[in-house]
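Trainee: Before I ask anything, here is the structure I am working with.
Readers should treat all values here as calculations from the given coordinates under stated rules, not as data from a laboratory. Small disclaimer: the values here were computed from a predicted structure and weren't measured. With ideal geometry, Cβ positions are generated from the backbone for all residues, glycine too; neighbour counts draw on all protein chains shown.
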Amino acid sequence: MLDGFFRPKLALRLGLALSLAILPLGLISVFQTYEVLKEREVLSGTALLAQTQQAFSDSRDVIHATLSVGRTLADVLNATDGSFENCDVVMRELVEQENAYIFAGLVGPDLNMVCASGGVPEDQQAVTSIVPELSSREIEVFMHSLEFAGGVATVSVLVPMFDGAEYRGVVWIAIQMNQLIDALAEAAPDVDLVLFGADGSIIATANYTDMRRAVLPENRTLQELAGQGRQTFRDDNRFGITRDFAVIPLVPGKVFALGSWEPQQSGLVQLRYEQVFALYFPLLIWAITIAIAYIWVHYLVIRHVRRLRSWMRLYAAGRGDLDGARLDNAPDELEVVAESFRAMTRRLSEQERELEADLREKTVLLREVHHRVKNNLQLISSMLNMQIRATKSAEAKHLLRRVQDRVMALSAIHRYLYMARNLSLVRADTLLDGIIQQLVIVGTLDESGRKVGVATQFDPVEISPDQSVPLSLLTTEAAINAVKYCGMTTGMDAWINIALKDVGDGNYGLSVVNSYVAPTEEERAAHGPGYGSGLGSKLIESFVAQLNGTLEINQFADRYELHVVFPVKWHAVEEEG
């Protein structure tokens, strides 16, 4: 069913075949271009990371130098065997010699400050505020305000001190925040630089204001970036401005640097317009190749195939003068097909002429048969009429008249077939109308001259000749019975309605409805013992069976109804064929 609904045309099939033929070349070209662009993207990302690392070089040096100093202090203090003599002096000299430092101290394992560059403060609140960092026993770098130093913002660096496996405390060095901020601000004019920790907290920025988080990427958090490590990407910042971002670790796992760069024409991360064009250029060439191939296929094959198809449609529509039809500069293979088609049309035309001649001859013979049968039936009717006039018995006359009506019904069928133009189908409405007119001469339905009102209503119905005989005889018998019981001898209004309708679903319905008056004893006696014998009913049932129909009879006090529904036999045969 799907094949009939969607059948690809020749052009589509050829295009698909050509596409599959050159598809490997296109895929190879696309793959090679993609690899080149991918390598270029990696190089662009590497260049961006290198620029970001260069921009953070001063800040990185400060943090790494502080870590080195912290490790050195831890080694020196470990050499005192736990006495920590002159610890305050060492811390104070360190702060005095290095302007970047504002504080240096040692916190013991019990989280109490052992010594400090400015002396151990009596209030240990400063230590208490960074208990989580002091308790981690790992290197920590974080932004912290020193309350005991006047609330100065600093970057605290914690270096744990171990003697073998024994934890002996942590060296705490505080760098002035301004040192890092100034270093970031002077790194590059059009770059937003941010130092942040693994937990997503900002350590320092080039512009450390309330809007410092606006330069961060809109769709990624700092904690996510710390988890992904070294990377480059393009995103909008929280101002809604598209930027190129680069992330590098300064202290592995602890401190990370984020650089936000203005996108350049070099397209450091994303593919530029020309890169996209280079990627899809092989596909464009592939599509152009397919289009050119299709044009040539259309010129060499498809247009000639369509021409042949138009010839076939013309021939199917009845055009037989195609012997002079020619293709325009077609290949030899298609010219052979065209010549074969022309030869076939010639042979078919000759065979069709022979069949038409045979058909005309057979039609003439068949019409002659119907004509002779009609004449013979009319001769029989005339003989019956002579016998009726010669018969003295009223009962015999009545029976012979009924037989004559049936013979005339058959004669009407053959007269219709003799005069019909189409012998394969019979217009049932025309046939029945002729039979009723023959039975009812100006409303007279009996030789007595009594009249009855007859109304007919026939749809334009076509049936097969095989159905015409039982249908005509059925209508005749029903009309005869209607005349018998319509009550025209009682002085009442007698009427008969005959209808043939198309009831749908390939079925036709015949209805004969008449007024009804029960016969009196005198009428039964006048017609003899054969009156009401049921012969007509048996004939009706036999004719209904021949039509393969259903019979329904309804008898009421004032009317008698006969309804027959039968299938359209010729239509069913046509569908089977």
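Trainee: Summing Lys, Arg as +1 and Asp, Glu as -1, what charge do residues with Cβ under 14 Å from the Cβ of ARG137 carry, ARG137 excluded?
Mentor: Once positives and negatives cancel, what remains is -4.
Trainee: Over the range 350-422, what is the relative contact order in percent, taking alpha-carbon pairs closer than 8 angstrom and at least six residues apart?
Mentor: Numbers: 42 pairs, mean separation 31.1, N = 73.
The value is 43 percent.
Trainee: Between GLU218 and ARG353, with labels modelled 7 Å along Cα→Cβ, what's the label distance in nm to one decimal, could you check?
Mentor: If labels sit at GLU218 and ARG353, their model points lie 8.4 nm apart.
Trainee: So, by mean Cβ neighbours within 10 angstrom, what's the order for 138-147, 370-379, 98-107, 389-398 with the highest one leading?
Mentor: So the order, starting with the most tightly packed, is 98-107, 138-147, 370-379, 389-398.
Trainee: Please state the relative contact order of the range 58-179 as a whole percent: Cα pairs under 8 Å, 6+ residues apart? Provide the component values of the computation, followed by the final result.
Mentor: On the way: 202 pairs, mean separation 34.0, N = 122.
The normalised contact order for the range 58-179 reaches 28 percent.
Trainee: Grab the other residues whose beta carbon is less than 14 angstrom from that of LYS362, score K and R as +1, D and E as -1, and report the net. Numbers along the way, then the final one.
Mentor: Numbers: positive: ARG360, ARG367; negative: GLU354, GLU356, ASP358, GLU361, GLU368.
Here the count lands on -3.
Trainee: Find out how many positive minus negative residues lie around ALA185, taking Lys and Arg as positive, Asp and Glu as negative, among other residues whose Cβ is under 14 Å from that of ALA185. Present the calculation step by step, with values, prior to reporting the outcome.
Mentor: Values: positive: ARG212; negative: ASP58, ASP182, GLU186, ASP190, ASP192.
With Lys, Arg at +1 and Asp, Glu at -1, the neighbours total -4.
Trainee: For a quick check: sort TRP495, TRP261 by the number of other beta carbons within 10 angstrom, fewest at the front. Intermediate values should be presented prior to the final figure.
Mentor: On the way: TRP495 17, TRP261 22.
Sorted ascending by nearby Cβ count, the order is TRP495, TRP261.
Trainee: Order of PHE566, PHE162, PHE556, PHE458 from fewest to most other C-beta atoms within 10 Å? Mind dumping the intermediate values first?
Mentor: Numbers: PHE566 23, PHE162 12, PHE556 8, PHE458 18.
Going from sparsest to densest Cβ surroundings: PHE556, PHE162, PHE458, PHE566.
Trainee: Give me a comma-separated list of calculated 3J(HN,Hα) values for the range 59-70, in order, Karplus coefficients 6.51, -1.76, 1.60 applied at θ = phi - 60°, integers in Hz, x for any Gly or Pro.
Mentor: Couplings: 5, 4, 4, 5, 5, 5, 5, 5, 5, 5, 5, x Hz.
Trainee: Another question, if that's okay. Rg/Rh for the range 58-179: what does it come to with C-alpha atoms and Rh from Kirkwood?
Mentor: That ratio equals 0.92.
Trainee: Among MET161, MET383, which comes first, second and so on when ranked by fewest other beta-carbon atoms within 10 Å?
Mentor: Listed from fewest to most nearby Cβ atoms, that is MET383, MET161.
Trainee: Sticking with this structure for a sec: Whole-Å semi-axes of the range 349-423's equivalent ellipsoid, largest first, each the root of 5 times a Cα gyration tensor eigenvalue?
Mentor: Values: eigenvalues 314, 17, 6 Å².
Square roots of five times the eigenvalues give 40, 9, 6 Å.
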